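Peer 1: The structure is given below, and queries will be raised subsequently.
The values are calculated or read from the model by the stated rules, or taken from the named source; none is laboratory data. Everything numeric here is computed off the predicted structure, so don't read it as measured data. Heads up, the Cβs are rebuilt from the backbone with ideal geometry, glycines too, and the neighbour counts pull from every protein chain shown. Ligands, DNA and RNA are excluded from the accessible area calculation, which covers all protein heavy atoms including side chains. Shrake-Rupley method; radii C 1.70, N 1.55, O 1.52, S 1.80 Å.
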Amino acid sequence: MAEKFFTVSGMTCGHCAASVTEEVVAVPGVTEVDVDVRSGLVTVRGDSVDDAAVRAAITGAGYEVAEIVRQAAA
């Protein structure tokens, strides 16, 4: 399972985290999403996860992806 880390701007509360999680977990291949509102870091775990689809999901939740911080394979 691979991990991808996205920096997201505009999140301020638990509702923001829940919105991002709900959208991103629906992306094909995603098995787990962790959102740290304070740092703006969204960690996505899964197999064959498309970066563009994750970006679109985050944008669809109303937030902006600043960058993909790094990608790691487990």
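Peer 1: Of the accessible area of the chain, with the probe set at 1.4 angstrom, what percent is carbon plus sulfur? Intermediate results must be reported in sequence, preceding the final value.
Peer 2: Numbers: 2010 of 4050 Å².
Ligands and nucleic acids excluded, carbon and sulfur reach 50 percent.
Peer 1: Right, another one. On a 0 to 90° scale, report how tilted helix 14-24 is relative to the longest principal axis of the chain, with both axes built from alpha carbons and the result rounded to the nearest 10.
Peer 2: 30
Peer 1: Select from T12, T59, T21 the residue whose mean-square fluctuation is largest in a Gaussian network model of the chain (Cα-Cα springs shorter than 10 Å).
Peer 2: Residue with maximal mean-square fluctuation among T12, T59, T21: T12.
Peer 1: For the chain, give the magnitude of the charge dipole about the Cα centre (Cβ charges: +1 Lys/Arg, -1 Asp/Glu; no others), in debye to the nearest 20.
Peer 2: Charge dipole of the chain: 120 debye, to the nearest 20.
Peer 1: Per residue, how much accessible area does the chain show when a 1.4 Å probe rolls over the protein heavy atoms, in square angstrom?
Peer 2: Working: 4050 Å² over 74 residues.
In whole numbers, the chain has 55 Å² accessible per residue.
Peer 1: How about the range 1-58: which trypsin sites (Lys or Arg not before Pro) there are in a DSSP loop, with at most 12 other Cβ atoms within 10 Å of their Cβ? Intermediate results must be reported in sequence, preceding the final value.
Peer 2: Numbers: sites: K4, R38, R45, R55; in loops: R38.
Those that pass, being in a loop and sparsely packed, are R38.
Peer 1: Across the Cα atoms of the chain, what radius of gyration and what greatest pairwise Cα-Cα distance (Dmax) are found, in Å?
Peer 2: So, for the chain, Rg and Dmax equal 10.7, 30 Å respectively.
Peer 1: Continuing with the same structure: With a Förster radius of 25 Å, plug the Cβ-Cβ distance of E22 and E64 into 1/(1 + (r/R0)^6) and report the FRET value to the nearest 0.05.
Peer 2: 0.90
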